[in-house]
Amino acid sequence: MERTKDGTDNTDGNFREKKSPICPVCGNLLHERNLPDMEGIIYDNLYHQGRVRIGSPKVRLYCDFEHCFDEEGFTMDDPHDLVGVIDAAFDQSGECIRFEVIEIRPAEKEVE
């Protein structure tokens, strides 16, 4: 199977080796500042709210985020919405012990 320069199998944003996916909307590499991370999703958004415990050891999360930084980390003129598909695992105390962005998808457009 051929690999693209970013380490994914195709331009569908699926991760295989490296953590530099191609945006499925514009075709550019996603800068690491764009990608959802454990600190922001688990600690800032989930744990910070308090009184939340994860009851399952494995969880699939869908995180809405914006592709707003170019490959060099500069703000883009035309940002767009994406969804990160994340596999996370938690120990018995509810601590996140695994966090992996497995796919980047275009965000679905809201119907007005």
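Just a yes or no: is a residue in the stretch 45-57 modelled with pLDDT of 85 or more and either surrounded by 11 or more Cβ atoms within 10 Å (Cβ to Cβ) or touching a strand residue (DSSP E or B) at 6+ places or on another chain (Cβ under 6 Å) (or both)?
Taking the stretch 45-57 first, the residues modelled with pLDDT of 85 or more are 57.
Those still in the list that are either surrounded by 11 or more Cβ atoms within 10 Å (Cβ to Cβ) or touching a strand residue (DSSP E or B) at 6+ places or on another chain (Cβ under 6 Å) (or both) too: 57.
Yes, because at least one residue in the stretch 45-57 is modelled with pLDDT of 85 or more and either surrounded by 11 or more Cβ atoms within 10 Å (Cβ to Cβ) or touching a strand residue (DSSP E or B) at 6+ places or on another chain (Cβ under 6 Å) (or both).
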*What number of residues in the stretch 75-98 are out of contact with any Phe, Trp or Tyr (no Cβ under 9 Å at 6 or more places or on another chain), part of a strand (DSSP E or B) and farther than 24 Å from VAL25 by Cα?*
1
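The values are calculated or read from the model by the stated rules, or taken from the named source; none is laboratory data. What you see is a predicted model; the values in this text were computed from it and never measured. Glycine also receives a Cβ, built like all others from the backbone with ideal geometry; neighbour counts cover every protein chain displayed.
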